[in-house]
Amino acid sequence: MPTPTPTSTGRVLRTALLTLVAALVPLLAAVTLTAPPAAARTAVPTATLTEVTGFGTNPSNLQMYLYVPDSVTAHPAVVVAVHYCTGSGPAMYNGTEWAQLADTYGFVVIYPSVTRASKCFDVSSPQALRRDGGSDPVGIKSMIDWVTRTYSADTSRIYATGISSGAMMTNVLLGDYPDVFAAGAAFSGVPFGCFATTDGSEWNSACANGTVTHTPQEWGDLARAAYPGYTGHRPRMQLWHGTEDATLRYPDFGEEIKQWTDVLGVGRTPAATDSPASGWTRTRYGSTGDQAPVEAISLQGVGHNLYSHGMAFRALTFFGLDSSGPAPQPRPGACRVTATTDAWNTGMTASVTITNTGTTTINGWQLAFTLPAGQAVTNGWGATYTPATGAVTATNASYDATLAPNASVTIGYQASHTGNSAAPGAYTLNGTSCTGS
């Protein structure tokens, strides 16, 4: 047998390798065809708050918490709910009703969480105030990208909302990433760039005290400078502020209105002004509807901690998400309300029974009514009540949110009165008028 030469040995090895590759190609193709999709491998458990790690670029070491409802829709909307100083993602989850609204409307909620000692978001550094500059906005954008990939989220329906530090971050996110967000809702915040510092400080006293003022165009230019050259869509903005805010002073509210009306190119004369609740003044700029380019709600006599149950639903309406999802709050075919009161001196209790007399199950409800003059709710059960006087909305508790056809639920409240202890004269359930009995 002849001794193999180097040339003949190479030919043999090449032939063997080609044979091996030819055998592996069909196997690799089969593996590729049968591998589960990325979403199936990485989706989180539903109906529970879950921390997600390794979600992408995260220069400031934020934590990501995610809530996905059992009823999550195909291509869901995404709401980013940003916490206040000293808060956390879990605190925002527990202290607001965004998860309950997600259960009804099928969207996904991201709860970013700060790990730095102050538990405040970076809305001050040069890195935070420019697109992809670094710090917290980049980490939050990575969270959104993770959800978009994992759940095939609708990139035209991504929203930001926040309280205090989270409200300031909402302003920053809409400035840095106008192409990402459809709208924002900021509860007790300041304009984009107002808190800017260059010394590493997280706090800007001049802005907090309401002494930083600019022309509308100057404010608009600050926001536009975060993404130079961008000429596309700009997200709508809803702004909330209390007149007695001692942490971020009330003049900041007016500066926010200047900024976002300029950014969105609408006039600063309100297209509509009303009072949706006692002590509230709502102005809309650019149009009169629920999705105006800019909506601003001023709360008379209210301090920095203005957020209360029921406000998230108003933000949801501004976003336009109150009619989406697998089980949007249906307008019942019919409903009946029975109310009785028991009064003494200057106090009273009221018992209210709601009956779904329609043929469709209601998953999540809000009962609206107007208290007689002089009455003020002091506490309640079976629902949360906001505000305490005037036009009140009672929003279901977690345990009585579902009303099957012909089913009833009884709720109640205690109130003070100045002589008139009567029950309200009319009620609407999820926007539909109910009969009385």
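Coordinate-derived values only; no laboratory data. Everything numeric here is computed off the predicted structure, so don't read it as measured data. Positions of Cβ are backbone-derived with ideal geometry, glycine not excepted, and every protein chain shown enters the neighbour counts.
Since only I362, T283, T269 are under comparison, the one whose Cα sits farthest along the positive direction of the charge dipole of the chain, derived from C-beta charges on Lys, Arg, Asp and Glu, is I362. Available extension along the chain between T273 and A343 is 21.6 nm, counting 0.36 nm per residue and deducting the alpha carbon span.
Legend: Rg and Dmax of region 335-436, from Cα coordinates, 13.0, 42 Å. Summarising the strand pairing of region 60-216, around 30 percent of its internal DSSP beta bridges are antiparallel.
When its C-alpha radius of gyration is set against 2.2 N^0.38 Å (N residues), region 135-204 gives a value of 1.17.
Each Lys and Arg adds +1 at its Cβ and each Asp and Glu adds -1 at its Cβ; summed about the Cα centre, the chain shows a dipole of about 980 debye. Once the chain from T353 to N61 is taken as fully extended at 0.36 nm per residue, the excess over their C-alpha distance is 100.2 nm. Got a sec? Charge dipole of the chain, +1 on Cβ for Lys and Arg, -1 for Asp and Glu; which of A401, N345, L239 is way out at the positive end? Of the candidates, A401 comes out farthest on the positive side. Hydrophobic long helices, here whole DSSP H runs in the chain with Kyte-Doolittle means of at least 0.5 and Cα atoms spread over 30 Å or more along the helix axis, are found at 6-34. From most to least packed by mean Cβ count within 10 Å, the peptides 268-275, 84-91 give 84-91, 268-275. The simple spin-label model puts a point 7 Å past each Cα toward its Cβ; for D400 and A334 those points are separated by 2.3 nm. The calculated Kirkwood hydrodynamic radius for the chain is 24.0 Å, given to one decimal from all distinct C-alpha pairs.
For A206 and S152, the difference between the fully extended length at 0.36 nm per residue and the C-alpha to C-alpha distance is 15.2 nm. Each DSSP beta bridge with both residues in the chain is either parallel or antiparallel, and the antiparallel ones are about 70%.
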